[in-house]
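The values are calculated or read from the model by the stated rules, or taken from the named source; none is laboratory data. All values derive from a computational prediction rather than experimental measurement. Glycine also receives a Cβ, built like all others from the backbone with ideal geometry; neighbour counts cover every protein chain displayed.
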Amino acid sequence: MSSKLSYVTIKDKVKEDLKRDGRSFQQIENHIAAFNSFAKVLNLNISDEPLVFKDFEITLTKYFERAGLGIKTIPGRKSQLKKFHRAYLILSLNESMPPNFTERLNYLIERDGRYSHLLARLSDINANTLRGWKIGKCLPSPYSIDKVKRLEQILGVQDGTLYRTVKHASGNNLKILSNAPKTEYMLRLKQNQNEQYFFKLKDWPEELQAQWRIIEEHFTDDMSPELPRHKDSHWGSETAGMRLAKLESFFGFLLLDANCSNPCLRGLGFNVSDLHVTLAADKKLVKRYINFKKERNKLVPGCTDKTNKGFNSHGIKDVLTSFNAYIHPAHGIFRYSDELKGKIDTDEKSWDDYCDDTHKRYVHLLCETEWVKTRDPMDRISYYLESPSPKKYLKRLVTLMKQDNLVMPQTTKINTQALIHFSRYFLCAFLFANPLRIKMFTIMKREENLYFRKSPDGKSKYHAEAGDWYLRFRSMDFKNSKHTAKNAYHVRCASWLSPIIEEYLDVYRPLTIGADDCDYIFRPCSHVPRGYKKTLSIKTYTLSRWVDFATKKYLKGFGFRPQAFRHIIAHDYIKNHPHGFQIVASILHDTLQTVLDNYGHLSQHDWFENYNTYTEKLMEDFNDE
């Protein structure tokens, strides 16, 4: 940094910038008054090198603690002082900038302080294009150089700072850099995602949708339905969505072209008019569907013989279980619903006999098949689990999200992008502190589930000690309430989470959709369907996508979803506390056996390291004797 840079230099630059932006005389004077107050309270010599801007957040906190400003004055003062901080960052740019275009762009945007969509609009760049440049998905094409130059002007850097780092080789698309290994499953999944075939409910004809509604209402009815139903087969909304997905996949396969050269997209060539939900009772069609699913699981060469011969337990076993429930002799809805009978050819058998044959076939497959996993559920997070302290990556995630400033310095107005970002940050931080299943965050409500307990002296939440927020759920709120989650959940929130809760509830949540119409904590931020009921809870899929996006962006890997938080936290604690299984069970609100079966992902090496630590401590004086 040049020795000529001082507080005076920064002050002059801000004045010039404000004049260039057409700010009024009074606005400029307000900024200067804010700076003068900042320098006076912190006892700064304005001719000195501006060192306080290096740790600006800490300095800003000290200033507000000493200044004694009113609560309504603080937001405006904060945005004014951030203007001076951004000027310092721009003036202090030097040769230490990263050489890579993507890294340099992120470096400059972070220092600028404004969010990307605003910079995109000012530079006449499509917001999605700039986002692609930021995450390294693509580079500017030769035809975009003029826009890159405009972006340089907006960022206040010299001509060529960005565009000279763009290397236009044959094809300029880049893959997102990742530290995680590209496993066979990840490669296979990527190809499968490019070859989608599901026939979604929204595209079904009305008659087919009506048939699904009969099934859905039968299994989701809280009262005892008219038709027989197994006592443990009540569906929640999440289960209903999973069961629907099985039919969407099955129907999608039936509709695929029977002559397609790609076996992963080769179906039976049905017409939409041929579809009926009771096709799930046709064992021949289901067998061909299973073979189709097995073929899609062999996209990557090198799979073991055992894997190729066995069924894929991810999906196929669930399909058989789901379809078998519809034709069960005692309580199968296909047998007892008049609207669902007689729709398919039964080869002159009675409908009950036909369902009996199919039921026996499905039971045989479920019981006699050696189910083989063609993927490891931990593939996405295997890189993190191999670390001595996997939880440090979750800390890095929430730390980077906290540092990512998306609020414009020159205004206190929060736009959609800033709202979405803070909502994602709040969710990831909450998952880190309380790694519950994502469903619990969709049903979480103010006061009922998340409430503030006042301190003994009656202070309000704005002045009470940190850590006064509590989270509680009834046992019946959990999906496994009849099995592993028999007890209620009532815990104090971590003290580091309390300020984030308050900021979200006081500043961001009021701006979400339906905030005034319901008490749900998490709400949609934008892009809801027409006719959306504002009293509905947010979908689990939406929250899962928030986490997936955040982990991809900030951890630079494949990304993972909320369930991975439970595995990472459990793995970290057990790896570092070998006797901590019961504690992990309490953290996850599960039983000890469930944790032993599903969350103890430690290798022999991990376990033996604990023994090595024990023996090394015991033998410390061995070589001295």
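Before moving on, here are some points about what is shown:
Residue-by-condition table, conditions (1) modelled with pLDDT of 80 or more; (2) under 15 Å from Ala34 (Cα atoms); (3) more than 30 Å from the chain's Cα centre (by Cα):
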site	(1), (2), (3)
Leu69	yes, yes, yes
His85	yes, yes, yes
Leu93	no, no, yes
Met97	no, no, yes
Leu105	yes, no, no
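- Pair list, Cβ under 6 Å, 6 or more apart: the range 338-353 residue surrounded by 14 or more Cβ atoms within 10 Å (Cβ to Cβ), other residue part of a helix (DSSP H, G or I) and of a type in the set (Phe, Trp, Tyr): Leu340/Phe334; Lys341/Trp351; Thr346/Tyr354
- Residue within the range 255-269 that is under 30 Å from Asp477 (Cα atoms) and either touching a strand residue (DSSP E or B) at 6+ places or on another chain (Cβ under 6 Å) or in the same structural domain as Tyr326 (by TED's automatic domain parsing) (or both) present: no
- Residue in the range 243-254 that is on the phi < 0 side of the Ramachandran plot, at pLDDT 90 or above, buried (at least 17 other Cβ atoms within 10 Å of the Cβ) and part of a loop (DSSP other than H, G, I, E, B) present: no
- Among residues that are surrounded by fewer than 22 Cβ atoms within 10 Å (Cβ to Cβ), of a type outside the set (Gly, Ala, Ser) and in contact with a Lys or Arg (Cβ under 9 Å, 6 or more places away or on another chain), Lys533 is not included.
- Failed item in (1) at pLDDT 80 or above; (2) touching a strand residue (DSSP E or B) at 6+ places or on another chain (Cβ under 7 Å), with Pro562 passing the rest: (2)
- Comparison of Lys293, Lys298 shows that the only residue that is part of a helix (DSSP H, G or I) and either modelled with pLDDT of 90 or more or over 26 Å from Thr220 (Cα atoms) (or both) is Lys293.
- Single condition Tyr383 does not satisfy, out of (1) within 30 Å of Val286 (Cα to Cα); (2) surrounded by fewer than 20 Cβ atoms within 10 Å (Cβ to Cβ); (3) modelled with pLDDT under 90: (1)
- Subset tally (residues that are touching a Ser or Thr at 6+ places or on another chain (Cβ under 9 Å) and surrounded by 16 or more Cβ atoms within 10 Å (Cβ to Cβ)) for the range 114-130: 5
- First in the range 432-445 and not assigned by TED's automatic domain parsing to the domain that holds Ile521, second anywhere and buried (at least 21 other Cβ atoms within 10 Å of the Cβ) and modelled with pLDDT under 90, Cβ under 7 Å, 6 or more apart: none
- Looking at Ile513, Ile538, just one residue is β-branched (Val, Ile, Thr), in the same structural domain as Asp468 (by TED's automatic domain parsing) and within 18 Å of the chain's Cα centre (by Cα), and that residue is Ile538.
- Single residue of Lys11, Lys62 found to be of a type in the set (D, E, K, R), in contact (Cβ under 8 Å) with a residue 24 or more places away in the chain and closer than 18 Å to Tyr88 by Cβ: Lys11
- Of the criteria (1) of a type in the set (Asp, Glu); (2) modelled with pLDDT under 80; (3) not assigned by TED's automatic domain parsing to the domain that holds Glu503, which one Asp404 fails: (3)
- Residues that are within 17 Å of Ser79 (Cα to Cα), small (Gly, Ala, Ser) and exposed (fewer than 14 other Cβ atoms within 10 Å of the Cβ), drawn from the range 10-50: Ser24, Ala33
- Within the range 117-128, not a single residue is of a type in the set (D, E, K, R), assigned to a loop (DSSP other than H, G, I, E, B) and free of Cβ contacts under 8 Å to residues at least 12 places away in the same chain.
- The residues of the range 504-560 that are assigned to a loop (DSSP other than H, G, I, E, B) and acidic (Asp, Glu), listed by number, are Asp516, Asp517, Asp519.
- The residues on offer are Glu217, Glu238, and the sole one that is modelled with pLDDT of 85 or more and part of a helix (DSSP H, G or I) is Glu217.
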